[in-house]
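Below is one structure, written out as structure tokens; comments come after it.
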Amino acid sequence: MKVYHGGLEEVRNPEIRRGTNVGDFGIGFYVTSSFEQACRFVKTKGNRLNKAKGVVSAYELDERLFGAQFKGKTFESPTREWADFVSANRKRPSFSHDFDYVRGPVANDQVYTSLTLYEGGIISFEMLIERLKTRRLFDQILFHTEEALSCLSFQGSEEVVWQK
């Protein structure tokens, strides 16, 4: 399975970097099966940092990651459990989990707005799901452990350039 990581530089050797920027599924290395989504992430990050180019790195994912030797969590769709998990990762720096990987829908900026309204009790879970049905949801996979990262094999990269 081919997967992509969007960033400001090529990543030949992915690492788990502990930092303050926590994504939907926690701290780790993120990829998506969508080249389009990886490009969008590059542009979003680049615009935030006043850059006009970035890189999408491509990998072959060994699907043994999803076998019995790894502990993982898969969200097939945006469920209440998914919304609560994403919310916990984004809102509580002390939240942690012991999965080697987590995969499921991306809570992009548009989705995040709806998720924030849900977290604040402004909209119901049912309304959150209705709002998400109108969005094209991309997938993401978080690699949370070095062992899980061993399932990625770098294949190459492509520069992404845009007008600021």
Quiz item: Taking segment 28-41, which residues are crowded, with 17+ Cβ neighbours inside 10 Å and either farther than 23 Å from PRO93 by Cα or of a type in the set (A, V, I, L, M, F, W, C) (or both)?
Solution: PHE29, VAL31, THR32, SER34, GLN37, ALA38, CYS39, ARG40, PHE41
Practice problem: Tally the residues that are of a type in the set (D, E, K, R), within 21 Å of GLU63 (Cα to Cα) and in contact with a Leu (Cβ under 9 Å, 6 or more places away or on another chain), restricting the search to segment 1-48. | Solution: 2
Exercise. Within segment 61-82, identify whether any single residue is among the acidic types (Asp, Glu), within 16 Å of the chain's Cα centre (by Cα) and assigned to a strand (DSSP E or B), and answer yes or no.
Key: no
Quiz item: When segment 101-132 is examined, which residues are found to be of a type in the set (D, E, K, R) and either part of a helix (DSSP H, G or I) or over 16 Å from GLY23 (Cβ atoms) (or both)?
Solution: ASP109, GLU119, GLU126, GLU130, ARG131
Exercise. Identify the residue in segment 12-56 that is among the aliphatic types (A, V, I, L, M) and in contact (Cβ under 8 Å) with a residue 60 or more places away in the chain and, among all such residues, is farthest from PHE99 (Cα to Cα).
Key: ALA52
Exercise. Of the numbered conditions (1) closer than 19 Å to PRO14 by Cβ; (2) at pLDDT 90 or above, VAL106 fails exactly one; give the number of that condition.
Key: (2)
Quiz item: Out of all the residues in segment 1-50, which are over 23 Å from PHE75 (Cβ atoms) and touching a helix residue (DSSP H, G or I) at 6+ places or on another chain (Cβ under 8 Å)?
Solution: GLY7, LEU8, GLU15
Exercise. May I ask you to list the residues in segment 42-54 that are assigned to a strand (DSSP E or B) and surrounded by 18 or more Cβ atoms within 10 Å (Cβ to Cβ)?
Key: GLY54
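The values are calculated or read from the model by the stated rules, or taken from the named source; none is laboratory data. These numbers come from a predicted model, not from an experiment. With ideal geometry, Cβ positions are generated from the backbone for all residues, glycine too; neighbour counts draw on all protein chains shown.
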